[in-house]
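Undergrad: Can you keep this structure in mind? I'll have questions shortly.
The values are calculated or read from the model by the stated rules, or taken from the named source; none is laboratory data. Please read these numbers as outputs of a predicted model, since none were measured by experiment. Note: ideal-geometry Cβ built from the backbone for every residue, glycine included; neighbour counts use all protein chains shown.
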Ligand code: 26Q
């Protein structure tokens, strides 16, 4: 027996002993009587112990070296499961598997028992999770701050093809990854009024006397980087009442009143807001935003003052990144803390604030840009509203002093929107209060300069910069696709795991190796078989794993144009029916995604998908050449099963609307080919993998803008020019897919003819043609797999390690 295998055996034995100890002493179960979930918990706790050692080392090191701190403020962290993530990054995956196998426990099975931490809606939340992992991997001293929602994103069920939302209860069986910190607790106040008082130096001071105070309690989750290199903290806040029970009221017999206050306080961290940008429930959302910003700033200022004499050097010691405008009240809150509590003069406080904060924008959609009614702000955060007015006044004064009197310019850069009821523009607040404002793809950053922030950009031409998104390869390649990962390390060496960014491109020559292409195809088939059984199990549809898996999975939104994909689906269906013996490439169209609960159009699109699926899947003339599947409850874990099984990745948003997209990167990294528009990060993917290795179609962002200027959104012309599109319209409109309610889609389709806001019809023919090219290529497997290999080989740049290195170097100044 060699020394290495001895050492390894010892590790396995040690891990097994640790799991048994956890099962006994922490879970309180006898191995004889433990349920599978008990084993999950025991393994998770054993893994967590390994993290804690690294965690403490890392924290001590950060203090010792007084590393610059990076604070990532986000209302969303869409984490998914952590068991494989932790074990894999700690290098314990095989050891753990072996250790528990001998106890008769199967790691693959218990892994499935962990609920997803779904504390986010979609791309923005997932990006925050990828960034946390990359910051640990790169050894940046980072803290994520957010809310510990009791209920994450709703669970999606389908009832008769309609989406139904169900409450998600991820904490029901406890959360083995978190540490409650009952001693880390801050008061958070709302309401009340502001008085002007004169202090002992004769200075006037504003004193906020709040009407209500709650407490924020910290819960910490360690985030381990690749090879356990370093471990950072994700600190999530839970809202608690100041007093658990209002005893006086209770004793006076008011039993309900005594707990109402508790319920009101705790409702702040009850549930994640869905991304529907509608009016409902506004007030609670603003309470959430202020709650977590206020707690996080108190926490990080306290940490700063533990190591420094005062706050004047805050920008040198700390960088705060705002994930969209959701935490942008931080601008006013930091000013309030510096001016009111730490008595720093306004100008100096402003310099510190701008020097510390940076803002990332994730959308140009006007209806998604946050604004808050002035009246609500005044009621909930009266002192902050005053500060916002002051920031605005100083800003506009300084512009006037520089000779800027153009009313349109002043109106555009104002923090207050005057035309539809007075509202505070959080985007402008975040812009002014930050030294850096970044977009998330080259195209998006460029458009920020000419659209939403055009006037502010002219005033601050250095401020807007680009940081193209990335994804963590650990989760989206190593964990999601171990078979492909093994193939890569076999050819390129184990170092690939440490530097995929630079080493992946060494795969390029293998695109010419017949045997490698076959291996590549074999991996895909393997994953497709696994996905086929998930499909069978969850929706009862049998699909052929040899067919092309054509996949569109993401939030359902009109701009993402799931409808365009459906129009193609129906056109293909009609084409197959009219020529059943044609040389059709067999396809499985896979859809998944959630619609915001109040977003009626999006919900109708889900229903339409299921209506089309029922008709197509049961039509014998189609003979299985086309299958349509809507997989319910899309989440991170389902994505990990779907992405390695995709042949074709649908990235077909109206150009100029998808800020970046990140699933586009996950698919291409795993070797799927992309059909897409020149939107978001697709543009840069195209530069990296080559236009020949993607299927690009449709109007460009420039052409879309030209249509906007011409107010050219009617679909009449496109419909009369295209027989195919016209036939599709007639069928959907006339009830071919909704015989139980033939007019279900009439209004929807008619409205589209008049106003096709996202240019679905304008792009239809180009999309059809691109899909024809896809079919042709599918029939030349050598070409297909050559392209697929090149996609994987050329995706290294999209690692979130690259993105984070850019943030650290160019925004945070946090590389040491
Ligand atoms: C706002 C106000 C009230 C309630 C909810 C919201 C809200 C919540 C979430 C608004 C937007 C979001 C999420 C946005 C999002 O996910 N954007 C995506 O961010 C990705 C990461 O940068 C990009 O890749 C996507 O293109 C972008 O759509």
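Undergrad: Can you tell which of 309, 347 is over 21 Å from residue 188 (Cα atoms), free of Cβ contacts under 8 Å to residues at least 24 places away in the same chain, part of a loop (DSSP other than H, G, I, E, B) and away from the ligand (no atom under 16 Å from the Cβ)? Reasoning before the result, please.
TA: On the way: 347 fails: part of a loop (DSSP other than H, G, I, E, B).
None of the other options fit; the residue is 309.
Undergrad: Okay, next question. Pairs please, first residue from region 359-383 and farther than 30 Å from residue 708 by Cβ, second anywhere and at pLDDT below 95 and within 10 Å of the ligand (Cβ to nearest atom), Cβ atoms under 7 Å, 6+ apart in sequence or on different chains.
TA: Pairs that qualify, where the first residue is farther than 30 Å from residue 708 by Cβ and the partner is at pLDDT below 95 and within 10 Å of the ligand (Cβ to nearest atom), are 376/282.
Undergrad: For residue 788, state whether it is under 30 Å from residue 142 (Cβ atoms) and part of a helix (DSSP H, G or I).
TA: Working: under 30 Å from residue 142 (Cβ atoms): no; part of a helix (DSSP H, G or I): yes.
Spelling it out, it is not the case that residue 788 is under 30 Å from residue 142 (Cβ atoms) and part of a helix (DSSP H, G or I).
Undergrad: Tell me, yes or no, whether region 498-511 has at least one residue that is closer than 29 Å to residue 803 by Cβ, without any contact (Cβ under 8 Å) to a residue 40 or more places away in the chain, part of a loop (DSSP other than H, G, I, E, B) and within 29 Å of the chain's Cα centre (by Cα).
TA: yes
Undergrad: So residue 422 fits all but one of (1) touching a strand residue (DSSP E or B) at 6+ places or on another chain (Cβ under 8 Å); (2) closer than 23 Å to residue 351 by Cα; (3) surrounded by fewer than 16 Cβ atoms within 10 Å (Cβ to Cβ); what number is the exception?
TA: (2)
Undergrad: Among the strands (runs of 3 or more DSSP E) lying completely within region 418-480, list those that include at least 2 residues that are within 17 Å of the chain's Cα centre (by Cα). Step through it out loud before you land on a result.
TA: Details: elements: 423-425, 436-439, 464-466.
In region 418-480, the matching strands (runs of 3 or more DSSP E) lie at 436-439.
Undergrad: Collect the residues in region 53-101 that are under 21 Å from residue 128 (Cα atoms), part of a helix (DSSP H, G or I) and touching a helix residue (DSSP H, G or I) at 6+ places or on another chain (Cβ under 7 Å), keeping them in residue-number order.
TA: 83, 84, 85, 86, 87, 88, 89
Undergrad: For region 655-704, which residues satisfy the criterion of being within 16 Å of the ligand (Cβ to nearest atom), out of contact with any helix residue (DSSP H, G or I) (no Cβ under 8 Å at 6 or more places or on another chain) and in a loop (DSSP other than H, G, I, E, B)?
TA: Matches in region 655-704: 677 only.
Undergrad: It is to be established whether one or more residues within region 364-371 are out of contact with any helix residue (DSSP H, G or I) (no Cβ under 7 Å at 6 or more places or on another chain), surrounded by fewer than 20 Cβ atoms within 10 Å (Cβ to Cβ) and either at pLDDT 95 or above or part of a strand (DSSP E or B) (or both).
TA: The answer is no, given that none of the residues of region 364-371 is out of contact with any helix residue (DSSP H, G or I) (no Cβ under 7 Å at 6 or more places or on another chain), surrounded by fewer than 20 Cβ atoms within 10 Å (Cβ to Cβ) and either at pLDDT 95 or above or part of a strand (DSSP E or B) (or both).
Undergrad: Looking only at region 545-591, count how many residues are assigned to a strand (DSSP E or B) and either more than 16 Å from the ligand (Cβ to nearest atom) or out of contact with any helix residue (DSSP H, G or I) (no Cβ under 9 Å at 6 or more places or on another chain) (or both).
TA: Narrowing region 545-591 to residues assigned to a strand (DSSP E or B): 548-553, 587-591.
Those still in the list that are either more than 16 Å from the ligand (Cβ to nearest atom) or out of contact with any helix residue (DSSP H, G or I) (no Cβ under 9 Å at 6 or more places or on another chain) (or both) too: 548-551, 587-591.
Result for region 545-591: 9.
Undergrad: May I pose another question? Which of the residues spanning region 120-138 are in a loop (DSSP other than H, G, I, E, B) and either within 14 Å of the ligand (Cβ to nearest atom) or under 13 Å from residue 323 (Cα atoms) (or both)?
TA: From region 120-138, those in a loop (DSSP other than H, G, I, E, B) are 120-122, 138; that's our starting set.
Correct list: 120, 121, 122.
Undergrad: Within region 598-618, identify whether any single residue is within 16 Å of the ligand (Cβ to nearest atom), modelled with pLDDT of 95 or more and either assigned to a helix (DSSP H, G or I) or surrounded by fewer than 23 Cβ atoms within 10 Å (Cβ to Cβ) (or both), and answer yes or no.
TA: Of region 598-618, the ones within 16 Å of the ligand (Cβ to nearest atom) are 598-599, 602.
Pick out the ones that are also modelled with pLDDT of 95 or more and you get 602.
From what is left, the residues that are either assigned to a helix (DSSP H, G or I) or surrounded by fewer than 23 Cβ atoms within 10 Å (Cβ to Cβ) (or both) are 602.
Scanning region 598-618 turns up at least one residue that is within 16 Å of the ligand (Cβ to nearest atom), modelled with pLDDT of 95 or more and either assigned to a helix (DSSP H, G or I) or surrounded by fewer than 23 Cβ atoms within 10 Å (Cβ to Cβ) (or both).
Undergrad: Also, quick follow-up: For the list (1) within 30 Å of residue 284 (Cα to Cα); (2) free of Cβ contacts under 8 Å to residues at least 40 places away in the same chain; (3) touching a helix residue (DSSP H, G or I) at 6+ places or on another chain (Cβ under 8 Å), I need the number of the one condition that residue 389 fails.
TA: (3)
Undergrad: Do we find that residue 288 is within 16 Å of the ligand (Cβ to nearest atom) and over 19 Å from residue 218 (Cβ atoms) in this structure? Write out each step before concluding.
TA: On the way: within 16 Å of the ligand (Cβ to nearest atom): yes; over 19 Å from residue 218 (Cβ atoms): no.
No; evaluated as a whole, the condition is false for this residue.
Undergrad: Of all residues in region 508-536, which are in contact with a strand residue (DSSP E or B) (Cβ under 7 Å, 6 or more places away or on another chain) and over 17 Å from residue 480 (Cβ atoms)?
TA: 535
Undergrad: Now for a separate question. Considering region 7-23 alone, what residues qualify as being touching a helix residue (DSSP H, G or I) at 6+ places or on another chain (Cβ under 8 Å) and modelled with pLDDT under 95?
TA: 8
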